[in-house]
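For reference, the structure is listed below as structure tokens.
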Amino acid sequence: MAETVLMKGNEVIGEAAIIAGCRYYFAYPITPQNEIPAYMALRLPRIGGTFLQAESELAAINMVFGASAAGARVMTSSASPGISLKQEGISYLSGAELPAVVVNMVRGGPGLGNIAGSQGDYFQATRGGGHGDYRTIVLAPASVQELADLTVEAFDLADQYRMVVVLLGDGYLGQMSESLKLPEPSGKEFDKSSWALTGASGRAPHIVYSLRLSPEPALEEVNLRLQAKYREIEKNEVRFDTYRSKDAEYLLVGFGTSARICKAAVNILRREGIKAGLFRPITLWPFPSLAIERAAGSIKKVLAVEMNAGQMLEDIRLALWTSTSSSRNVVIDFCGRTGGMIPDVDEIVERVRNYEK
Amino acid sequence: MYEGIIFAGFGGQGIILSGKLICIAAMREGKNVSHIPSYGAEMRGGTANCSVVISDEEIASPLIRQPSICVVMNKPSLFKFEESVQAGGLLIYNTSLIDLKPSRDDIRAVPVQANDLAQEEGNVRSANMIALGLLLRLKPELAALDSVISALDEAVSARNRSLNIINTKSLKRGFSLS
């Protein structure tokens, strides 16, 4: 068993990526995730890997494209404005069905915003962000331990489905140090020999496309294949966590750092005898719609808590309002702060106390 | 036990280190810990602080609005954090750099001449260790003095490790205060 260590969230992402077998990392610096490139710059050259600080975000994501096309495990990381710049490349990776891990340690926005932690990029992460009909798997860790575990898992998911996996953290998670046990490599292996560009000596060349002009239905065929893959992921890869939710009358819903705040609120409310529980999506796409519908069946009220103006809130509404069960009538309330501010535990507690009146 | 601690001072006083050090020590004793540094557009001489949670239970939220313990090493930090301390909480303040008394009467405010005592132990830069030693004395459940001394080698960067002899002396000096 690995020993317990104290590590900073951002550094943990770097170490976990290396544990997962990532030897290529291309990025352009931006706060609050600079410890990731710093860590990779220190570690990768010592283990035969390549760290390259690109001249821009655009360059970095296209280096990712190249390494991925050659069959390598590859990662890039940035924070909000930098991820916006990478969206074109993420769309290309998606069109070419190339695996990659993209880390977004979200900061306050819009625009250059500020450097405090935020969850304002939920829409961008879960709705594609770039152009075209594509999806990315979006993982939302809520602790430093989970940053480690989900980083390793992100590489496996990316290779398994040949797609981009986004690790959606925030500035607080990146800056925070917590005790953790570093994960083991998963041991899973993925055969890339049918498509990776590894040199065509002795075989027919492989070609990685993202432009498909003819014959005419060719692009739609790709899209249909992508959509079928996405449906499969929706069926198989939903992840969520619940806390004291079994007999709950009030269900708090939060992801990442917000979920930690919710958990503290649930503990206080429970001590007062108020039946509060937490539902925490871990995959933001695929969103755990069925699970939340089931969890909300016997609930009086749902309270979504986010560090944004109400983005996951829309997925909760979609899940509950399209439901055929009693959960469609559940009242959904929202508590959020924007621009790098954090919802207050006491404010959430007070809100739920008032439901009782 | 659940303590939310804020260490605050100016950049260069070893504020972040104090938090990291006690976290490593408490973690090795089997407690749950979290540490978040302030990371605004900081600069040398500006304010620095970190939020530390040490708990027997799983830490729900690592963010602290109202600390149960606050260690302030300079005047601006006293102004910034005194109000936020929980009623009944502990405030340690560095009288070497703070020439006024905290105004709250519903908290326990303990003065310490951290810089002067650190100077006596050999280096004024170990003022943070004086304050931390005193904190360990007043709140022994956070971590044992020995655990904190053992954690110095991991917490202090290689280039400053030669100061750990003075750091150790300063921790002990702070711990001996009453």
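The values are calculated or read from the model by the stated rules, or taken from the named source; none is laboratory data. No experiment lies behind these values; they were computed from the predicted model shown. Cβ sites come from the backbone with ideal geometry, for glycine too, and all protein chains shown count toward neighbours. Ligands, DNA and RNA are stripped out before the accessible areas are found, and what is left, the full protein with its side chains, is counted by its heavy atoms. Shrake-Rupley method; radii C 1.70, N 1.55, O 1.52, S 1.80 Å.
If you take just the helices (runs of 4 or more DSSP H) that sit entirely in segment B:124-178, which of them hold at least 1 residues that are in contact with a Gly (Cβ under 6 Å, 6 or more places away or on another chain) and farther than 12 Å from B:Gln113 by Cα?
In segment B:124-178, B:127-138, B:164-176 are the helices (runs of 4 or more DSSP H) which contain 1 or more residues that are in contact with a Gly (Cβ under 6 Å, 6 or more places away or on another chain) and farther than 12 Å from B:Gln113 by Cα.
Could you check, for segment A:286-307, whether at least one of its residues is on the phi > 0 side of the Ramachandran plot, under 20 Å from the mean Cα position of the chain (by Cα) and assigned to a loop (DSSP other than H, G, I, E, B)?
Step one: filter segment A:286-307 for residues on the phi > 0 side of the Ramachandran plot, giving none.
No.
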Across segment A:319-357, which residue is modelled with the highest pLDDT among those that are in contact with a helix residue (DSSP H, G or I) (Cβ under 7 Å, 6 or more places away or on another chain) and open to solvent by 80 Å² or more (accessible area, probe 1.4 Å)? A:Trp321
Any residue at all in segment A:122-137 that's in contact with a Lys or Arg (Cβ under 8 Å, 6 or more places away or on another chain), assigned by TED's automatic domain parsing to the domain that holds A:Leu44, open to solvent by 10 Å² or more (accessible area, probe 1.4 Å) and at pLDDT 95 or above? no
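Residue-wise test of (1) buried (at least 18 other Cβ atoms within 10 Å of the Cβ); (2) more than 26 Å from A:Arg212 (Cβ to Cβ).
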site: A:Ala38; (1), (2): no, yes
site: A:Pro45; (1), (2): no, yes
site: A:Thr50; (1), (2): no, yes
site: A:Ser56; (1), (2): no, yes
site: A:Ala60; (1), (2): yes, no
site: A:Ser68; (1), (2): yes, no
site: A:Ser80; (1), (2): yes, yes
site: A:Leu93; (1), (2): yes, no
Free of Cβ contacts under 8 Å to residues at least 12 places away in the same chain, among the polar types (S, T, N, Q) and open to solvent by 40 Å² or more (accessible area, probe 1.4 Å): which single residue out of B:Gln119, B:Gln113 fits that description? B:Gln119
Condition first: touching a Gly at 6+ places or on another chain (Cβ under 9 Å) and polar (S, T, N, Q). Now tell me which residues in segment B:56-93 satisfy that. B:Gln66, B:Ser68, B:Asn74, B:Ser77, B:Gln86
Condition first: within 22 Å of A:Glu88 (Cβ to Cβ) and either in contact with a Lys or Arg (Cβ under 6 Å, 6 or more places away or on another chain) or open to solvent by 70 Å² or more (accessible area, probe 1.4 Å) (or both). Now tell me which residues in segment A:226-244 satisfy that. A:Tyr230
